[in-house]
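**Student:** Encoded as structure tokens, here's the structure I'll be asking about.
The values are calculated or read from the model by the stated rules, or taken from the named source; none is laboratory data. Since we're looking at a predicted model, the values are computed, not measured. No Cβ is skipped: glycine too gets one built from the backbone with ideal geometry, and neighbour counts run over all protein chains shown.
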Amino acid sequence: MSTRVGGKFILKDSIDWLEFDIEGLSYELISLAIKYQFGLNLAGNATFQFNDKGYKINRNHLLYDIVDDPISNTSTVLFSGDEYKIFSGRLRIDKGESLHSRMNRIEKFCINVLQLECIDKIILDINTEHEEEFPTVYLKADEFEETLIKIYKENDNWEPITRLIIE
């Protein structure tokens, strides 16, 4: 099963849309994703469930997908539990990096995103696209790694089905 991770960057209400540079924000977000070594699809390029459920791009949020790298379309490697080896044919595509290390990269990304003047919070969904009900966890950005490790332990090291509201 492919792991799908994405959601919305919620923008602050105080944004002056006549002056706001959405392209500039997009470049900043992509640069941060590159810095922390994963791919990020934005707005109309985001294929995650928000598009499937009829959410439209509007002035209060920017849709996104987190993907393993700039040429991937899933988050299977980035969000797989520890001890799982991921292959494409006979080629192992994961690098053996620990879940702690991978979630620490996402945590640093979230901390940096929330330091941007225009971002209010981040909604991040993991594997929720086929689910009607799933748990929602509220957390601070600097709690991301610790929270995800706990959730994975509760799920016997499997990818969770959950929504995170990160502030």
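**Student:** For region 1-47, what are the residues that are among the aromatic types (F, W, Y), over 22 Å from T136 (Cβ atoms) and part of a strand (DSSP E or B)? Please lay out each step first, then the result.
**Tutor:** If we filter region 1-47 for residues that are among the aromatic types (F, W, Y), which is where we start, we get 9, 17, 20, 27, 36, 38.
When the remaining residues are screened for being over 22 Å from T136 (Cβ atoms), the result is 17, 20, 27, 36, 38.
Result: no residue meets the conditions.
**Student:** Going through region 25-42 one residue at a time, which ones are farther than 16 Å from V77 by Cβ and either out of contact with any strand residue (DSSP E or B) (no Cβ under 8 Å at 6 or more places or on another chain) or touching a residue at least 60 places away in the same chain (Cβ under 8 Å) (or both)?
**Tutor:** Once the filter is applied, which keeps residues that are farther than 16 Å from V77 by Cβ and either out of contact with any strand residue (DSSP E or B) (no Cβ under 8 Å at 6 or more places or on another chain) or touching a residue at least 60 places away in the same chain (Cβ under 8 Å) (or both), region 25-42 yields L25, Y27, E28, L29, S31, L32, I34, K35.
**Student:** Answer yes or no as to whether D16 is at pLDDT below 90, of a type outside the set (S, T, Y), under 19 Å from the mean Cα position of the chain (by Cα) and surrounded by fewer than 14 Cβ atoms within 10 Å (Cβ to Cβ).
**Tutor:** Details: at pLDDT below 90: yes; of a type outside the set (S, T, Y): yes; under 19 Å from the mean Cα position of the chain (by Cα): no; surrounded by fewer than 14 Cβ atoms within 10 Å (Cβ to Cβ): yes.
When the stated conditions are applied, D16 does not pass them.
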